[in-house]
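The values are calculated or read from the model by the stated rules, or taken from the named source; none is laboratory data. Bear in mind that the values here come from a model prediction, so they are computed numbers and not experimental data. Heads up, the Cβs are rebuilt from the backbone with ideal geometry, glycines too, and the neighbour counts pull from every protein chain shown. Please note that ligands, DNA and RNA were not included when accessible areas were found on the heavy atoms of the full protein model with its side chains. Shrake-Rupley method; radii C 1.70, N 1.55, O 1.52, S 1.80 Å.
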Amino acid sequence: MSIQMRFAARSDVGLVRSSNQDSGYAGPHLLVLADGMGGPAGGDIASSVAVAHLAALDDAHGADDLLDLLRGAVEAAHAELMERSDADTDLAGLGTTCIAILRSGNKLAMIHIGDSRAYLLRDGALTQVTEDHTFVQFLVSTGRLTSEEAERHPQRNVILRALGDHDGEVQLDESLREARAGDRWLLASDGLFGVVSAETITDTLRDVTDPGQCAEELISLALRAGGPDNVTCVVADLLELGGAAPDTTPQVVGAAARDRLRATRGGNGSAARAAALVRAASPEEAAAPEPDEEPSRGRRWVGRLVATVLILLALAAGGWAARSWTQTQYFVAPDGDHVAVYRGIPQQLGPVDLATLHERTDLRIDALTPVAQARLEEPITRGSLAAALAVVENLRASLRPAVAGEAPEPDAASAGPGDVSTVPGQDDGATPPPSSPSPSGGGA
């Protein structure tokens, strides 16, 4: 049985945000949704770059090639975001979630990273197909929170995985599944499911048969609920080939679209008027630049918020569990004149340091380029030792060109160019980072 798709993509800036950082794409073979982060100078670029790389795949392919194609496009998008961040300091910290579904005949390949979601409506029942890559979901998966507690958790949108300004391998969830006629797929940013209940989403997907009208209704529901965030929906129906052929013109929405500056559909509804009153009552807050609005959205890298999350976790589950978790984390920061790798996070919990020196490298900070030195002004956090060591190697590639006739002075702490001082597994007596600055997810 051959399958074809009838699809629609819609997006709205919402009633609070000043710019739309979501991007969506729907075509005859491909569905994509990306939710950017990093302020007005970064989030819209990040989501647009992801969509641009993936949109090129909207064509007929062999089923065996689908996941490789998706993986390659996402990795290329990640590499471009890294290059843009390196070239422009204003883009440091940009990133995006990403979901993409690529179809070949009766096969669907899906990749996912971040906390945007894919839902499947089959035989009238709605299933959330993706699992959020958030710290709260991690707590649910490990039995530390219930699903009901997670819905009300203040840090429920702290993202553990995303494309963007970080080194290391892109960790995607990947799947290959059957495309069944009668199925309806929904890709949604958290601007929808963060304010509209699963029951209401299910009823709308069941009752509104046209994909475009259904996506519009879902967005209207989010706006009536206050529209606190950008909201994007991609709806696609799987149909048996035959009968009237659906429109195959691709649809691009949000930050990646030509009308990316389009005003909200919220109009003069009660929610829109309420949002306007809030902005008018707080002119200073309303006039603040987008980065200052980000804390309310809670969509930052785990490196920037992990200290706060750990404090909350310590209060809820005990200091031992929190400290145990920190020992799976690493960061790169100065140790005197040299680049060092620390185990833990660059923070203190009361009198307890949550970091220990793991490795003091032979790489001198004054030998790095000014840009590389600037990146070390704040710790560079990573989720594994391998990723932290990769940061060191990237820094090593940023050595200043040798000045003619200048010989580097020997350092008593380094016996030779290949020697490092390593203290594997040390937990006590190590030198903590100089000043425990705020964590940073900036890449090197």
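Out of everything in segment 366-380 that is touching a strand residue (DSSP E or B) at 6+ places or on another chain (Cβ under 6 Å) and open to solvent by 20 Å² or more (accessible area, probe 1.4 Å), what residue ends up being modelled with the lowest pLDDT? This residue is 378. Taking first residues from segment 356-383 that are under 16 Å from residue 346 (Cβ atoms) and partners that are open to solvent by 50 Å² or more (accessible area, probe 1.4 Å) and assigned to a strand (DSSP E or B), the Cβ contacts under 7 Å between residues at least 6 apart in sequence or on separate chains come to 356/343; 358/343; 359/422; 360/421. Taking every residue in segment 212-235 that is over 20 Å from residue 23 (Cβ atoms) and pairing it with any residue that is part of a helix (DSSP H, G or I) and open to solvent by less than 10 Å² (accessible area, probe 1.4 Å), at least 6 positions away or on another chain, the pairs with Cβ-Cβ distances below 9 Å are 221/192; 221/201.
Within segment 53-68, how many residues turn out to be open to solvent by 10 Å² or more (accessible area, probe 1.4 Å) and touching a residue at least 40 places away in the same chain (Cβ under 8 Å)?
We begin by selecting, within segment 53-68, every residue open to solvent by 10 Å² or more (accessible area, probe 1.4 Å); these are 53, 55-65, 67-68.
Right, trim to touching a residue at least 40 places away in the same chain (Cβ under 8 Å) and you get 55, 57-58, 60-63, 67.
Residues flagged as open to solvent by 10 Å² or more (accessible area, probe 1.4 Å) and touching a residue at least 40 places away in the same chain (Cβ under 8 Å) within segment 53-68 amount to 8.
To keep it simple, each residue is scored yes or no on (1) crowded, with 20+ Cβ neighbours inside 10 Å; (2) within 18 Å of residue 51 (Cα to Cα); (3) without any contact (Cβ under 8 Å) to a residue 24 or more places away in the chain.
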| residue | (1), (2), (3) |
| --- | --- |
| 112 | yes, yes, no |
| 149 | no, no, yes |
| 177 | no, no, no |
| 186 | yes, yes, no |
| 192 | yes, no, no |
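Taking the residues in segment 21-47 that are open to solvent by 10 Å² or more (accessible area, probe 1.4 Å) and modelled with pLDDT of 95 or more as candidates, determine which candidate is nearest to residue 220 (Cα to Cα). Across segment 21-47, the extreme among qualifying residues is 25.
Only strands (runs of 3 or more DSSP E) whose full extent lies in segment 29-147 are considered here, and none of them has at least 2 residues that are in the same structural domain as residue 381 (by the TED database) and more than 18 Å from residue 254 (Cβ to Cβ).
One residue stands out among those in segment 77-109 that are of a type outside the set (D, E, K, R) and free of Cβ contacts under 8 Å to residues at least 12 places away in the same chain: the one that is least open to solvent (accessible area, probe 1.4 Å), which is 79.
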